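My questions all concern the structure below.
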Amino acid sequence: MKISDLIADSPMTSLQMRVVIVSIMLVVLDGYDVALAAFAAPFIAKDFGVSKTELGMVLSGALIGMLAGSVIVAPIADRMGRRFTGVVGAIVIALGMFIGLFANAENGTMMLVISRIVTGVGVGALVAVVGVILSEYTNKRVYPMVMAIYAAAINIGGLLGALVVGPMLAEHGWKFGWWVGFVLSALAAVGAYFLLPESLTWLAEGRRPDALRQLNKILTKMRKPVLEALPQKSKTGADKKVGVSAILSGSLLWQTVLMVAAYFAYMVSFYFMTTWAPTTVASINQQPLFAPQLVIAFSIGGIAGNIVFGFIASYVNLRILTPVFLILATAALSYFGFAGATMPAAWWTLLIASFFVCAGTAGFYGIIPVLYPTLVRSTGYGVVIGLGRFGGVVAPILGGVCFDAGMGMTMAFTLFALPMLLAGIGLLVLHVGLKRSAAREAAAPVASPLATNAACPQQA
């Protein structure tokens with residue numbers, strides 16, 4: 001019996017609910033960290049006196065780090081433990097925030113860029129690990145909603161930051177936001193160490209000497225029967241294919257390449273909107289405090305969109321539902337550009353765009369983990385999310401170049417909305433490909449060492 005079989009159809013226990021709550025709180029912290037630069041950008045620009053292109057480098061710093069954290073650090077979780085990697089990720093976030101406190105106008109923005117990169121490394125590792133642990137501790141019935149709330153938690157973190165911290169920056173300066181992030185990250189590291197359990201399927205693979213004892217300890221707390229032996233052992237030769245090589249071979253190759261391309265395109269649109277929508281409206285109106293207000297609109301729309309998406313996803317396949325939302329997001333983001341920077345119209349149109357755009361995050365977070373087997377789940381998730389986030393790295397920089405070159409708001413947001421459409425098409429291609437693969441396997445079953453352990457509470 002597989003560990004996933006014990007979880008999929010069983011009611012959620014108190015331990016499982018604790019995992020969900022702790023994981024969501026960690027992602028709320030990530031949301032604050034990601035949104036911080038967006039609502040602090042006008043204050044940074046004023047303090048440092050930099051161009052939009054230089055500001056774009058600061059805005060992209062966290063995304064560069066998130067790429068490294070997802071691709072380089074997250075695979076370590078498949079070898080050393082996902083809980084351990086999550087705790088280290090929170091510590092790294094705190095370190096990145098602390099580094100930012102040493103930045104000043106005299107020395108330029110480089111220290112601030114380094115701060116954002118280090119913070120991003122921690123965020124990238126933490127998000128990849130938390131997503132995998134959530135997928136393992138959540139039963140089939142609530143999985144879509146939990147992953148939707150997981151995605152919405154990023155917006156919740158941004159909302160809380162913009163509501164509580166944003167208005168204080170005018171009086172206390174942009175560094176106040178970094179102090180808040182440092183304290184919260186340190187507390188998150190302690191909370192993750194004491195409250196977040198280890199990945200069930202990672203323990204089931206026997207990656208530590210006391211794996212069976214630790215696994216039974218967790219199963220007992222979940223009121224599940226204890227095991228006499230580890231239930232999931234990789235078949236002969238499987239241990240030789242771990243890490244990146246495993247997800248770039250066999251049937252996983254085309255899935256990985258396609259998902260990286262789709263997520264890259266999605267990130268281009270997503271991070272152009274999150275980084276430049278607040279700053280653009282604030283700049284055109286010459287009102288720095290408009291930036292936190294726009295982050296609030298983005299966050300409220302994202303939270304609502306993720307919750308509605310999660311409810312519908314309980315009845316509709318994610319690989320169909322997500323492209324529908326992404327097509328609507330393309331139109332909504334383009335309309336934001338046409339509506340212009342006049343308040344409150346910009347506030348409402350950004351909220352509507354965020355409703356559809358942010359739901360795409362829930363779709364990707366729900367689809368990606370179930371594509372990969374136990375031994376390479378964190379690796380697969382981290383590589384796709386990490387390489388895809390490179391689109392988020394280039395978006396703020398390209399946006400700054402476009403604005404410095406004189407491109408208007410309407411043209412810029414229409415142009416950067418189009419990659420969202422490509423992402424939706426990519427997910428439809430994935431859906432058709434998986435359906436055809438399933439039909440071929442049903443007609444002529446073939447044993448696959450990598451595919452046998454890929455069960456997870458999700459729709460086919």
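The values are calculated or read from the model by the stated rules, or taken from the named source; none is laboratory data. For clarity, every value in this text was computed on a predicted model and none was experimentally measured. For neighbour counting, all protein chains shown are included, and Cβ atoms are generated from backbone atoms with ideal geometry for every residue, glycine included. Ligands, DNA and RNA are stripped out before the accessible areas are found, and what is left, the full protein with its side chains, is counted by its heavy atoms. Shrake-Rupley method; radii C 1.70, N 1.55, O 1.52, S 1.80 Å.
For region 317-398, what ratio Rg/Rh do Cα atoms give with a Kirkwood hydrodynamic radius? Could the numbers behind the result be given before it?
On the way: Rg = 15.7 Å, Rh = 14.5 Å.
Dividing the radius of gyration by the Kirkwood radius yields 1.08.
Mind ranking 344-352, 389-397 by how tightly packed they are, going by the mean number of other C-beta atoms within 10 angstrom, highest first? Walk me through the numbers on the way to the answer.
Working: 344-352: 19.2, 389-397: 24.1.
By packing density, highest mean first, the sequence is 389-397, 344-352.
To the nearest 0.05, how large is the calculated FRET efficiency for MET111 and ASP9 if R₀ is 51 Å and r is the Cβ-Cβ distance? List each step's numbers first, then the result.
Working: r = 52 Å, r/R0 = 1.02.
With a Förster radius of 51 Å, E is 0.50.
Give the shape of region 277-320 as rounded, prolate or oblate, defined through the alpha-carbon gyration tensor: a ≥ b ≥ c are the square roots of its eigenvalues, a/c under 1.5 means rounded, and otherwise the shape is prolate if a/b is larger than b/c and oblate if not.
prolate
Could I ask something else about it? Kindly express, to the nearest 10 degrees and within the range 0 to 90, the angle between helix 110-137's C-alpha long axis and the longest C-alpha principal axis of the chain.
30 degrees
Using all C-alpha to C-alpha distances in the chain, build P(r) with 10 Å bins and read off the rounded percent in each one.
Answer for the chain: a P(r) of 5, 22, 33, 24, 12, 4, 0 percent.
Hey, another quick one. For the chain, find the longest principal axis of its Cα atoms and tell me its angle to the long axis of helix 390-404, 0 to 90°, nearest 10.
For 390-404 against the chain, the angle is about 10 degrees.
Applying a 10 Å radius around every beta-carbon, put 275-281, 216-222 in order of their mean neighbour count, most first. If you can, show how the numbers build up before the last one.
Numbers: 275-281: 27.0, 216-222: 16.0.
Per-residue Cβ counts within 10 Å, averaged per peptide and sorted highest first, yield 275-281, 216-222.
Report the gain in length on full extension from GLN214 to VAL432: 0.36 nm times residue separation, minus Cα-Cα distance, nm rounded to one decimal.
On the way: separation 218, 0.36 × 218 = 78.48 nm, distance 4.00 nm.
Stretched out fully, the GLN214 to VAL432 stretch lengthens by 74.5 nm.
Can I ask one more? Using only Cα atoms and rounding to the nearest 10 degrees, what angle (0 to 90) does helix 52-68 make with the longest principal axis of the chain?
10 degrees
Let me ask you something else. In Å², what does the accessible area per residue of the chain work out to with a 1.4 Å probe? Spell out each step's value before the answer.
Numbers: 17360 Å² over 460 residues.
Here the per-residue accessible area is 38 Å².
Leaving ligands, DNA and RNA out of it, rank MET420, MET80 by accessible area with a 1.4 Å probe, largest first. Let's see the in-between values first.
Details: MET420 0, MET80 110 Å².
The ranking, largest first, comes out as MET80, MET420.
Can you work out ³J(HN,Hα) from phi for every residue in region 219-227, in order, using Karplus 6.51 cos²θ - 1.76 cosθ + 1.60 and θ = phi - 60°, giving whole Hz and x for Gly and Pro?
Working through the residues one at a time gives 4, 5, 5, 8, 6, 10, x, 6, 10 Hz.
Here is a follow-up. Based on the Cβ-Cβ distance of LEU163 and PHE194, what FRET efficiency does E = 1/(1 + (r/R0)^6) give at R0 = 30 Å, to the nearest 0.05?
My answer for the efficiency is 0.60.
Here is a follow-up. Would you mind estimating how fast region 356-410 diffuses translationally, via Stokes-Einstein at 37 °C and 0.692 mPa s with the Kirkwood radius over Cα pairs, in µm²/s?
On the way: Rh = 13.4 Å.
Result for D is 245 µm²/s.
Multiplying the sequence separation of MET17 and LYS140 by 0.36 nm and subtracting their Cα-Cα distance, what value in nm do you get? List each step's numbers first, then the result.
On the way: separation 123, 0.36 × 123 = 44.28 nm, distance 1.39 nm.
Between MET17 and LYS140, full extension yields an extra 42.9 nm.
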